[in-house]
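A short worksheet on the structure shown next.
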Amino acid sequence: MSTTALAPQSTPVRQRVHASERIAHAALAGVALLLLAFLAAPLSTLLIKAVQDSGDRFVGLANFISYAQTPALMQSLWNSVWVSGVVTLVTVPAAFVFAYALTRSCMRLKGLARAITLVPLLAPSLLAAISLIYWFGNQGVLKGLMQALGIDQIYGAPGIVLAEIFSTFPHALMILVTALSASDARLYEAADALGTSAQRKFFTITLPGAKYGLISAALVVFTLVITDFGIPKVIGGNFNVLATDVFKLVIGQQDFNRGAVVALLLLAPAVLTFAVDHWVSRKQTAMLTARAVPYRPKKAPVFDALMSLYCVGVCVLILAMLGMALFASTATFWPYNLQPSLKHYVYGLLEAEVDVALINSLLMAGGAAVLGTLLVFVGAYLLEKTNGPRPLRSAVRLLAMLPMAVPGLVLGLAYIFFFNEPANPLNGLYHTLTLLTICTVVHFYTTGHLTAVTALKALDPEFEAVSASMKVPFYKTFWRVTLPICTPALVDIARYFFINAMTTISAVVFLYAPDTKVASIAILNLDEAGEMGAAAAMAILIAAVNAVATLLFMGLGWWVDRHTQAWKAP
Amino acid sequence: MVPYLRLEGIRKDFGSFTALKGIDLDIAQGEFVCFLGPSGCGKTTLLRVVAGLEVQTAGRIDLAGRDISALPPAERDYGIVFQSYALFPNLNVADNVAYGLVNRKVPKAQVQARVAELLAMVGLPGSEAKFPSQLSGGQQQRIALARALATAPGLLLLDEPLSALDAIVRVKLRSEIRSLQRKLGVTTIMVTHDQEEAFAVADRIVVMNQGCIEQVGTATQIYRDPATLFVAEFVGRINALPAMAHEGGLRVGTQILDCQHVSVHGHTSGRELRVYLRPEDVLARPIAPGDSNVFEGLIEKIEFMGPYCLVRVRADMLGAQALTVYLSLNYLAEAQLEVGSRLPLRLLPERMRVFG
């Protein structure tokens, strides 16, 4: 043994990077660059615009001050806040009861009830607004009833509130079902053993257990409403909200700087939601241990019947909304001639040229499904399973979570500011379908990312170590093991991108050119032109496309399961 | 002789926490070494440093005469088995075992033959077409072992390979791992927190605590002759008696112990010490007249363990401290001993260990 003592090393030992690892590092850098160019850079431009005047000179908070001094704009701010608040107060309890019925009662046909509540997600959110106009609008079926209840007209706050409740209900429900499913039966058994009343169990076990789900659902609903553009546009009438203000300021008045200020106001609740949600999900995971026993509801005839009744009621309301849009879209001339005809479909597709828009939508949705899934999965894989330089990984992790905190409207606006700048080398992308697709991928990036991360985290963390010990490069293990195991998650991510790309309005409304108009925007234009029937028809068409796509994706999922998940069968 | 694996001054910092505080260790070729210690002692970190899965903050690693300190895992030469098995769930047993062979462009027929050979070796011949989910935990770990050995690595690393298995499988598999290792002569390091496991398989045991090596030695050395207070308390069951150095001897309670075998000369009279004694080193029989270190104990508690009982006795002469001793079930019955009985006991002076 050598007698010389080891010299104290001042620099830490650095492991040599294996040749194959360099590929992973380069790929991670690539993902980081894409996210920088298409997320971080546009958002920074937006922030800068908010503190500049129209001549690009720095003016500090002048835009904010002038905004605060415009009574009409302040009115919109207040309108946005209270409408979002009311919707939150109605939707969250309503969804909670529904979720409670689904998870804690023995009512029948839970699958069907669940499926019906998910249907609104297939159509653009403004479908609810269109339906409401047919129900309660100037020529609405139930206008009299509504006026008897003291509401003068549906256009304005009442319409926005109702339509938003309808369109945010599925989102709140999904969160609350997850929260209520994550319950430990042993807590209830312990309570039973102590002779606890049902009411006390609800307030001491159920509600605290779902606390974080409730917080998260409330924040999500509030943010969805305050940043939604389609519904206030269609049914808002003269009732101004922040989202419509942004559009008017930027597209109507070309006042980019004040538009940026409003966008930042919209960003605030979303960022808050994001922060709280992040905090909540950390708390939530700690609550449920791996040894928890899932709760199984017991039969309780009266309770089950009440719950069934409630769910039937909600489902009927949802179907009434969808049904009315479907019915009106096939009526020859509302409300005078209700003979069924395909007139509106033909008009919409051919004369209003929605056929082109629909093809654009399909191209965009298909592109987002393929590119988005690829980018999201590769990005998540590189983050979770390879060890690139730490600063780079932190940057990608942050950028992957950021889109969750950025409303579509804000992202769309940021894209205009960034890509419409002639000095930008990427300026050529402006108004192209490629940019619309990229914008959509970025807009919905986080959910896809989280799905991919969850799938990847379920894999044994030592696969990569074992492979390295056998001198197998990481990409072979990615191809032979990681990818095949994760294909079901990939199908889920692709479906999510596709459906959202088909229905999204808020981000793309700023970015399209006449030849790259997508179907959801075309609906908005039809509505503006007074072609309500055609607008309803096209919204139904999108929902139908999405329904078919969902079935196809389910088929694909089944096929993938059979061909890549054979090992799961015992 | 040059050691097969040499660790020199291995230090690992995680932020402000130092997980390994300068580890020096030599392992000879063909040796089976266990890293033993409580959780958080750094044993797994040390294994991962050897594997290149963690990078040491400082220090040098030589494997088979080659400096591998800065080499990535793929350029070192080892097979590894994890507690979680880490079998590829979507590949069948044959593909799992052949995973490292296929990459080396070995001809197909040769791969098949090698897989069959390895499966026979780990006692699962003919299981090529099965998927991991169709196997029990013990079987999965055998496959993981076969996979790690497939490329005939010079070093085998086992990271708590048996911890996820139930007790009976664990005992069976550990003796199989040991005999397989003997047969192949592959240098092996196993991390474990189970001392019985370490005793059963290891040529040498490295007892670790708080990022340091406390003692390196055979099972008997570690058990009989613990080098530090930590080893004495961590390995096996032990009694600790407060004592005082007394004119070259020891005073415990009011008793002056005869302990000529134990070196207490370094300690000045009156200094407080601790005497360590294993339960089996306190004898109830045989006690001959004239034996030294004999005292009377009062039975406080009897804990049934099967063929023998753990008996807690209190002896006024030894001060306030109770002693735990092993007494056979038969003896307790013969002597009609129960809680409250009194019996004579003798401390074996040559087995006592004294720590300052």
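Run A:G140 past the list (1) part of a loop (DSSP other than H, G, I, E, B); (2) closer than 19 Å to A:G533 by Cβ; (3) in contact (Cβ under 8 Å) with a residue 60 or more places away in the chain and report the number of the one that doesn't hold.
With respect to (1) part of a loop (DSSP other than H, G, I, E, B); (2) closer than 19 Å to A:G533 by Cβ; (3) in contact (Cβ under 8 Å) with a residue 60 or more places away in the chain, A:G140 is out only on (3).
Go through (1) within 13 Å of B:T188 (Cα to Cα); (2) away from chain A (no Cβ under 12 Å) for B:I80 and report which single condition fails.
Single failed check for B:I80: (2).
Going residue by residue through the stretch B:309-330, is there one that turns out to be in contact with a helix residue (DSSP H, G or I) (Cβ under 8 Å, 6 or more places away or on another chain) and loosely packed, with under 15 Cβ neighbours inside 10 Å?
no
Yes or no, residue by residue, for (1) touching a helix residue (DSSP H, G or I) at 6+ places or on another chain (Cβ under 6 Å); (2) over 30 Å from A:L73 (Cβ atoms):
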residue	(1), (2)
A:Q147	no, yes
A:D152	no, no
A:L162	yes, no
A:A185	no, yes
A:G213	yes, yes
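Find the helices (runs of 4 or more DSSP H) located wholly in the stretch A:8-109 whose residues include 3 or more that are within 14 Å of chain B (Cβ to nearest Cβ), over 30 Å from A:M307 (Cα atoms) and modelled with pLDDT of 90 or more, and list them.
Numbers: elements: A:19-35, A:41-50, A:62-68, A:71-104.
It comes to A:19-35.
Let me confirm something: among A:V86, A:V59, A:V31, which residue is buried (at least 21 other Cβ atoms within 10 Å of the Cβ) and either in contact (Cβ under 8 Å) with a residue 60 or more places away in the chain or more than 28 Å from A:M401 (Cβ to Cβ) (or both)? Spell out how you get there, then give the answer.
Details: A:V86 fails: buried (at least 21 other Cβ atoms within 10 Å of the Cβ); A:V59 fails: buried (at least 21 other Cβ atoms within 10 Å of the Cβ).
Answer to the check: A:V31.
Which residues, counting only those in the stretch B:293-303, are assigned to a strand (DSSP E or B) and either among the basic types (K, R) or closer than 13 Å to B:P344 by Cβ (or both)?
First, pick out the residues of the stretch B:293-303 that are assigned to a strand (DSSP E or B): B:294-303.
Passing the criteria: B:V294, B:F295, B:E296, B:G297, B:L298, B:I299, B:K301.
Only one residue in A:L249, A:L224, A:L266, A:L180 is in contact (Cβ under 8 Å) with a residue 24 or more places away in the chain and under 29 Å from A:V59 (Cβ atoms), so which one is that? Spell out how you get there, then give the answer.
Details: A:L249 fails: in contact (Cβ under 8 Å) with a residue 24 or more places away in the chain; A:L224 fails: under 29 Å from A:V59 (Cβ atoms); A:L180 fails: under 29 Å from A:V59 (Cβ atoms).
Just one listed residue meets the conditions, A:L266.
Condition (residue is touching a residue at least 24 places away in the same chain (Cβ under 8 Å) and within 12 Å of another protein chain (Cβ to nearest Cβ)) applied to the stretch B:108-118: is it met by at least one residue? First the steps, then the outcome.
Residues of the stretch B:108-118 touching a residue at least 24 places away in the same chain (Cβ under 8 Å): B:114-115, B:118.
In the following step, the residues that additionally are within 12 Å of another protein chain (Cβ to nearest Cβ) were identified as none.
No, the stretch B:108-118 has no match at all.
Restricted to the stretch A:455-465, and to residues that are facing chain B (nearest Cβ under 7 Å) and not acidic (D, E), which residue is surrounded by the most Cβ atoms within 10 Å (Cβ to Cβ)? Please lay out each step first, then the result.
Filtering the stretch A:455-465 for residues facing chain B (nearest Cβ under 7 Å) gives A:460, A:462-463, A:465.
With not acidic (D, E) added as a condition, the list becomes A:463, A:465.
Numbers: A:F463: 22, A:A465: 19.
Among residues in the stretch A:455-465 that are facing chain B (nearest Cβ under 7 Å) and not acidic (D, E), the one surrounded by the most Cβ atoms within 10 Å (Cβ to Cβ) is A:F463.
Do we find a residue being at pLDDT below 95 and of a type in the set (D, E) anywhere in the stretch B:25-45?
no
Identify all residues within the stretch B:2-23 that are within 11 Å of another protein chain (Cβ to nearest Cβ) and out of contact with any strand residue (DSSP E or B) (no Cβ under 6 Å at 6 or more places or on another chain); write none if there are none.
Answer for the stretch B:2-23, where residues must be within 11 Å of another protein chain (Cβ to nearest Cβ) and out of contact with any strand residue (DSSP E or B) (no Cβ under 6 Å at 6 or more places or on another chain): B:V2, B:D13.
Can you tell me which residue is farthest from the chain's Cα centre (by Cα) among those in the stretch B:295-331 that are closer than 14 Å to B:A284 by Cα and polar (S, T, N, Q)?
Residue satisfying both the conditions and the ranking: B:N330.
Name the residues in the stretch A:469-499 that are over 23 Å from A:R562 (Cβ atoms), without any contact (Cβ under 8 Å) to a residue 24 or more places away in the chain and among the aliphatic types (A, V, I, L, M), would you?
Within the stretch A:469-499, A:M470, A:V472 meet the criteria.
Among the listed residues B:G270, B:G306, B:G290, which satisfies the condition of being in a loop (DSSP other than H, G, I, E, B) and under 26 Å from B:D194 (Cβ atoms)?
Values: B:G270 fails: under 26 Å from B:D194 (Cβ atoms); B:G290 fails: under 26 Å from B:D194 (Cβ atoms).
The match here is B:G306.
When you go through A:D355, A:D304 one by one, which is the residue that is assigned to a helix (DSSP H, G or I), in contact with a Ser or Thr (Cβ under 6 Å, 6 or more places away or on another chain) and of a type in the set (D, E)?
When all the criteria are applied, what remains is A:D304.
Any residue at all in the stretch A:393-402 that's more than 14 Å from chain B (Cβ to nearest Cβ), at negative phi and over 24 Å from the mean Cα position of the chain (by Cα)? Give the steps one after another, and end with the answer.
To start, the set of residues in the stretch A:393-402 that are more than 14 Å from chain B (Cβ to nearest Cβ) comprises A:393-402.
Going one step further and asking which of them are at negative phi, we end up with A:393-402.
Subsequent filtering for residues that are over 24 Å from the mean Cα position of the chain (by Cα) retains A:393.
Checking the stretch A:393-402: at least one residue is more than 14 Å from chain B (Cβ to nearest Cβ), at negative phi and over 24 Å from the mean Cα position of the chain (by Cα).
Given the residues A:T178, A:T204, which is the only one that is of a type in the set (S, T, N, Q) and more than 28 Å from A:C315 (Cα to Cα)? It would help to see each step written out before you state the result.
Numbers: A:T178 fails: more than 28 Å from A:C315 (Cα to Cα).
Just one listed residue meets the conditions, A:T204.
Only residues that are touching a Phe, Trp or Tyr at 6+ places or on another chain (Cβ under 9 Å) and charged (D, E, K, R): list them for the stretch B:32-53, please. Break it down stepwise before answering.
If we filter the stretch B:32-53 for residues that are touching a Phe, Trp or Tyr at 6+ places or on another chain (Cβ under 9 Å), which is where we start, we get B:34, B:36-38, B:41-47, B:50-52.
B:K43, the sole residue that qualifies.
Would you check if A:A325 is in a helix (DSSP H, G or I), in contact with a Leu (Cβ under 6 Å, 6 or more places away or on another chain) and under 30 Å from A:L112 (Cα atoms)? Write out each step before concluding.
Numbers: in a helix (DSSP H, G or I): yes; in contact with a Leu (Cβ under 6 Å, 6 or more places away or on another chain): yes; under 30 Å from A:L112 (Cα atoms): yes.
For A:A325, the condition - in a helix (DSSP H, G or I), in contact with a Leu (Cβ under 6 Å, 6 or more places away or on another chain) and under 30 Å from A:L112 (Cα atoms) - is met.
Which of the following residues is within 14 Å of chain A (Cβ to nearest Cβ), over 23 Å from B:G37 (Cβ atoms) and not hydrophobic (A, V, I, L, M, F, W, C): B:G138, B:G126, B:G185, B:G154? Write out each step before concluding.
Details: B:G138 fails: within 14 Å of chain A (Cβ to nearest Cβ); B:G126 fails: within 14 Å of chain A (Cβ to nearest Cβ); B:G185 fails: within 14 Å of chain A (Cβ to nearest Cβ).
On inspection, the qualifying residue turns out to be B:G154.
How many of the residues making up the stretch A:137-173 are at pLDDT 90 or above and closer than 29 Å to A:R114 by Cα?
17
I'm told B:Y85 meets every condition in (1) more than 29 Å from the chain's Cα centre (by Cα); (2) facing another protein chain (nearest Cβ under 8 Å) except one. Can you identify the failing condition by its number?
(1)
The rows are residues; the columns are (1) assigned to a helix (DSSP H, G or I); (2) more than 14 Å from chain B (Cβ to nearest Cβ).
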site: A:S467; (1), (2): yes, no
site: A:K471; (1), (2): no, no
site: A:P484; (1), (2): yes, no
site: A:M502; (1), (2): yes, yes
site: A:I521; (1), (2): yes, yes
site: A:L526; (1), (2): yes, yes
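The values are calculated or read from the model by the stated rules, or taken from the named source; none is laboratory data. No experiment lies behind these values; they were computed from the predicted model shown. Cβ coordinates were reconstructed from backbone atoms using ideal geometry, including for glycine residues, and neighbour counts include every protein chain displayed.
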